[in-house]
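Novice: Have a look at this one.
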Amino acid sequence: MKRSSTLIVGALLAMVAFTGCGDDDKSSGGSSGDYCARIAAYKAKSDELDVVFSDTPDPAKVEDAFVTMQTMISDMKNGAPAEIKADVITMSAAIDNVVAIFSKYDWDFTALAAAPDFAELQDQLAGADMQAASDRLEAYSTSVCGIASETTTA
């Protein structure tokens, strides 16, 4: 079961570790500075929350981490640049689904890993649409905001 929990955490962290940033000339939303500030805050918070997933995660801390990320990603939809707005919406819908499924299993990784919902969640997070959205958000973040991706900083 520990391996299954690790796979869940890895998939979820990969899914929610996106960053992006807007350009005023291309955005129908807020200023690029405002949007980039939200991205920077999200990235800092997600890095801070990584510690929640070490060893055996405490369900209360897991819940707090995912609800915090859910709120921050939902906020990013407001003022998202047109080029990535659909991708931010895709990520927001995915984290909403993660929160719904995890809450169904009382935020317990072991219970979720043993449940039929586990395969569905994995399929969603590893799906082509999710990967494409994540790739576009990462590329936009790197090229427009200069925020290094997780893969280039490691």
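The values are calculated or read from the model by the stated rules, or taken from the named source; none is laboratory data. As the structure is a computational prediction, the values presented were derived from the model and not from experiment. For neighbour counting, all protein chains shown are included, and Cβ atoms are generated from backbone atoms with ideal geometry for every residue, glycine included.
Novice: Of everything in the range 98-116, what is surrounded by 15 or more Cβ atoms within 10 Å (Cβ to Cβ), in a helix (DSSP H, G or I) and not small (Gly, Ala, Ser)? Give them in sequence order.
Specialist: Val98, Val99, Ile101, Phe102, Phe109, Thr110, Leu112
Novice: In the range 53-91, which residue that is modelled with pLDDT under 90, assigned to a helix (DSSP H, G or I) and of a type in the set (Gly, Ala, Ser) is farthest from Glu138 (Cα to Cα)?
Specialist: Looking at residues that are modelled with pLDDT under 90, assigned to a helix (DSSP H, G or I) and of a type in the set (Gly, Ala, Ser), I get Ala60.
Novice: Hey, another quick one. Kindly provide the set of residues from the range 16-51 that are among the β-branched types (Val, Ile, Thr) and either modelled with pLDDT of 75 or more or more than 20 Å from Gln122 (Cβ to Cβ) (or both), ordered by number.
Specialist: Scanning the range 16-51 gives Thr19, Ile39, Val51.
Novice: Can I ask one more? When residues of the range 105-132 are filtered for being free of Cβ contacts under 8 Å to residues at least 60 places away in the same chain and either farther than 21 Å from Asp64 by Cα or not small (Gly, Ala, Ser) (or both), how many remain?
Specialist: 16
Novice: For the list (1) hydrophobic (A, V, I, L, M, F, W, C); (2) within 16 Å of the chain's Cα centre (by Cα); (3) under 22 Å from Thr56 (Cβ atoms), I need the number of the one condition that Trp107 fails.
Specialist: Looking at each condition in turn, Trp107 falls short on (2).
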